[in-house]
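K.L.:
Starting off with a structure, shown below.
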Amino acid sequence: MLHSNDDSYIVSFLKEYKSTIVCTPFSLSITSQSEHKLIAALEELQKNSDEQVATKLELDKCKRIVQKLRSHSDDCAVCKQYFIEFEEHILQLKEKQHSLTEEDFKQHKQTIDKISSHLIKQHKLVTSGYYLSIYMSIGTSLGIVLGLLIFDNIGIGLPLGIGAGVAISASLDADAKKKGLVL
């Protein structure tokens, strides 16, 4: 398990030792069988846990993370390492599923955040509703400005700006989902 919070540790390790690592087609590849096994473990964890614990563990997001790590693991050594680390983490959670502590939830949240951060920064993925949060605020700002300048009434410009922001963001969010870029 890695103790570093940044991806540079893994990359520098791989660069430093790449001449001594012997890779066979099976040694560093993550198979779809591994993905299915991990998703099955997440589903079992969800089934055996109460709703509050499943929500705290964000198990649906974990499934999406597993799928994204698997899809990028062929091209990204960091994703391979994160997949292995995440697999170990989920199996540990599964073993302790009836005696999870706040420290376990905290560690799980940190693990998810670290992996999500890598996927967002390196592979240009976005979270669900990402564009909505950006364009709603831009639309609100523009609506206020246009309402004051053109209509001399904030009450008219504000809903127009919000509506435009929501329309643009819905289009961009749907496009990102269609392209498989939503985490």
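K.L.:
Restricting attention to the range 138-152, which residues are of a type in the set (D, E, K, R) and in a helix (DSSP H, G or I)?
P.N.:
none
K.L.:
Output the residues belonging to the range 121-137 that are assigned to a helix (DSSP H, G or I) and crowded, with 16+ Cβ neighbours inside 10 Å.
P.N.:
Within the range 121-137, HIS123, TYR130, TYR131, LEU132, TYR135, MET136 qualify.
K.L.:
Scan the range 47-101 residue by residue and report those that are farther than 17 Å from GLY180 by Cβ and not in a helix (DSSP H, G or I).
P.N.:
Matches in the range 47-101: SER49, ASP50, GLU58, LYS96, GLN97, HIS98, SER99, LEU100, THR101.
K.L.:
In the range 167-180, what residues are surrounded by fewer than 17 Cβ atoms within 10 Å (Cβ to Cβ) and assigned to a helix (DSSP H, G or I)?
P.N.:
ALA167, ALA170, SER171, LEU172, ALA174, ASP175, LYS177, LYS178
K.L.:
As an exercise: evaluate LEU172 against (1) touching a residue at least 40 places away in the same chain (Cβ under 8 Å); (2) within 28 Å of SER32 (Cβ to Cβ); (3) out of contact with any strand residue (DSSP E or B) (no Cβ under 8 Å at 6 or more places or on another chain); (4) not assigned by TED's automatic domain parsing to the domain that holds LEU45 and give the number of the one condition it does not meet.
P.N.:
Of (1) touching a residue at least 40 places away in the same chain (Cβ under 8 Å); (2) within 28 Å of SER32 (Cβ to Cβ); (3) out of contact with any strand residue (DSSP E or B) (no Cβ under 8 Å at 6 or more places or on another chain); (4) not assigned by TED's automatic domain parsing to the domain that holds LEU45, only one is false for LEU172: (2).
K.L.:
Is it fair to say GLY147 is surrounded by 15 or more Cβ atoms within 10 Å (Cβ to Cβ), modelled with pLDDT of 95 or more and not assigned by TED's automatic domain parsing to the domain that holds THR31?
P.N.:
no
K.L.:
So, of the residues in the range 62-116 that are surrounded by fewer than 14 Cβ atoms within 10 Å (Cβ to Cβ) and among the basic types (Lys, Arg), which turns out to be modelled with the lowest pLDDT?
P.N.:
LYS96
K.L.:
Scan the range 41-55 for residues that are touching a residue at least 40 places away in the same chain (Cβ under 8 Å) and surrounded by fewer than 16 Cβ atoms within 10 Å (Cβ to Cβ) and jot them down.
P.N.:
GLU44, ASN48, listed by residue number.
The values are calculated or read from the model by the stated rules, or taken from the named source; none is laboratory data. Here the structure is a predicted model, which means the values were calculated and not measured. Reconstructed Cβ throughout: ideal geometry from the backbone, glycine too, with neighbour counts over all protein chains shown.
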